[in-house]
Amino acid sequence: MKAHFASTTLVDLFPQMLEVSKHFNPDCEHLVGDMRTFRLGRTFDAVFIHDAIDYMTTLDELRQALETAYLYCKSGGVALFVPDGVLENFEDSTDHGGSDGEGRGARYLEWSYDPTPEDTTYIAEYILVLRQDNHPTQVEHDQHLLGIFPSEDWLRLLREAGFIASVVIDDYERYVFVGRKP
């Protein structure tokens with residue numbers, strides 16, 4: 001997407017993630033910040049939050065992130081939010097894959113499930129099997145607590161933040177929430 005804009009500013013809560021991003025996006029500005037509270041004092045034509053929005057696990061956290069995005073949009077600007085899922089389309093699932101490179105390989109298993117459907121969270125488990133040269137393989141496990149909300153809550157919170165709110169379903173059957181700033 002950055003090719004469509006004169007400049008791109010990337011924000012992440014974790015400096016380590018920004019270091020990885022700098023390798024792939026050396027032409028972008030990188031800043032450490034929390035999408036719920038970060039204040040830069042600038043506005044942009046567009047704000048894009050992909051799956052990082054999934055880490056908002058309560059309606060209050062989601063509201064804070066949407067309000068912050070509103071502050072960053074210029075008048076007439078747009079904000080796009082692409083969560084991994086919404087309550088209407090969430091299903092327990094697994095995914096797997098991997099690839100090999102020069103002297104190395106990786107395989108992964110992703111398992112998403114909702115042990116407590118009455119709340120606003122679900123769990124995603126990631127198991128990675130990593131091979132480097134002739135060294136023994138390493139197995140890593142990572143568990144993420146993620147938020148899942150009905151689309152009506154998304155749209156209501158977008159409107160409460162000040163956006164003209166809509167939702168479209170993309171080619172991957174993801175709900176893409178669009179906020180236009182008047």
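The values are calculated or read from the model by the stated rules, or taken from the named source; none is laboratory data. Because the structure is predicted, anything quoted here is derived from the model rather than measured. Counting neighbours? That spans all protein chains shown, and the Cβs are built from the backbone with ideal geometry, glycine included.
For the reader, a short list of remarks on this structure follows.
- Entry remark, segment 67-92: residues being of a type in the set (S, T, Y) and over 18 Å from the mean Cα position of the chain (by Cα) number 1 in total.
- Matching residues in segment 108-120 - criterion: being under 12 Å from I148 (Cα atoms) and either loosely packed, with under 15 Cβ neighbours inside 10 Å or in contact with a Cys (Cβ under 6 Å, 6 or more places away or on another chain) (or both): Y113, T116, P117, E118, D119
- Of the residues making up segment 32-57, those that are in a helix (DSSP H, G or I) and among the acidic types (D, E) are D51, D54.
- For the residues D60, D34, D84, the requirement of being within 16 Å of G147 (Cβ to Cβ), of a type in the set (D, E, K, R) and modelled with pLDDT of 95 or more singles out D60.
- Of the residues making up segment 1-17, those that are surrounded by 14 or more Cβ atoms within 10 Å (Cβ to Cβ) and either charged (D, E, K, R) or within 20 Å of T68 (Cα to Cα) (or both) are T8, T9, L10, V11, D12, L13.
- Scanning segment 110-167 for residues that are farther than 19 Å from D100 by Cβ, aliphatic (A, V, I, L, M) and in a strand (DSSP E or B) turns up I123, A124, L145, L146, I164, A165, V167.
- Conditions (1) in contact with an Asp or Glu (Cβ under 7 Å, 6 or more places away or on another chain); (2) of a type in the set (A, V, I, L, M); (3) in the same structural domain as D54 (by TED's automatic domain parsing); number of the one not met by A124: (3)
- Within segment 97-119, residues that are farther than 17 Å from Q138 by Cβ and without any contact (Cβ under 8 Å) to a residue 12 or more places away in the chain sit with their Cβ atoms under 7 Å from residues that are surrounded by 13 or more Cβ atoms within 10 Å (Cβ to Cβ) and among the β-branched types (V, I, T), at 6+ positions apart or across chains, in these pairs: P115/I123.
- Filtered by the rule that a residue be part of a strand (DSSP E or B) and touching a Cys at 6+ places or on another chain (Cβ under 8 Å), segment 1-31 gives T9, L10.
- Looking only at segment 74-107, residues that are in a strand (DSSP E or B), surrounded by fewer than 16 Cβ atoms within 10 Å (Cβ to Cβ) and in contact with a Phe, Trp or Tyr (Cβ under 7 Å, 6 or more places away or on another chain) come to 5 in all.
- Residue pairs whose Cβ atoms lie under 8 Å apart, separated by 6 or more positions or on different chains, with the first residue in segment 150-162 and touching a residue at least 12 places away in the same chain (Cβ under 8 Å) and the second of a type in the set (K, R), are L157/R63; E160/R63; A161/R63; G162/K181.
- Note on segment 29-58: residues that are buried (at least 16 other Cβ atoms within 10 Å of the Cβ) and among the acidic types (D, E) amount to 1.
- Yes/no for I49 being in contact with a Pro (Cβ under 7 Å, 6 or more places away or on another chain) and aliphatic (A, V, I, L, M): no
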